[in-house]
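Working notes for the structure below.
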Amino acid sequence: MHIATTHSQVLPSRAMSRREPRNPVIADIMRVVADEFRMTVAEMMAPSRGHEVWKPRVAAMYYARLLTDCSLPELGRCFGGRSHTTVLRAFRACRNMIERDEAWAVRMDRLLAVMVDQIILPRA
């Protein structure tokens, strides 16, 4: 028996793959960061460069690099097709903010604690 399927039924659309990273740990990191900043993952991944979107995205890239073994190009793909240099700049920018801004450092510590509880320990 032959079942006809369309191309869209077999392969996910490009738009869909841009919305949800294939790496579940990165998806969890994005969710935790978006929750902390009271936004959706889709809002955080928007192409905007405004601080209300840029800072959460930088935080998510920072923790994705720290907590996964993904390469910079892989992370760039997970974060909406961004380049590896964008991920590297985001990582360095977040690290610099942690070193210079006490409020940001506290927020990042809180995020890490949530990630350990929700992402890392449940999988151990």
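What follows draws every value from the coordinates through simple rules; no lab data is involved. None of the values given here were measured: they were computed from a predicted structure. With ideal geometry, Cβ positions are generated from the backbone for all residues, glycine too; neighbour counts draw on all protein chains shown.
Considering the range 21-123, what Rg and Dmax in Å follow from its alpha-carbon atoms?
According to the Cα coordinates of the range 21-123, Rg and Dmax are 12.4, 34 Å.
Could you line up His84, His51 from fewest to most neighbouring Cβ atoms inside 10 Å?
Starting with the residue having the fewest Cβ neighbours, the order is His51, His84.
Run the simple label-point estimate for Leu66 and Ala27 please: 7 Å along Cα→C-beta, distance reported in nm.
It is 2.4 nm.
What is the set of long-range amide H partners of Thr40 at a cut-off below 5 Å, with H atoms built 1.01 Å from backbone N?
The answer is none.
Test of understanding: ordering Val106, Val114 by Cβ neighbours within 10 Å, fewest first, what list do you get? Provide the component values of the computation, followed by the final result.
Values: Val106 11, Val114 14.
Ranked by crowding around the Cβ, least crowded first: Val106, Val114.
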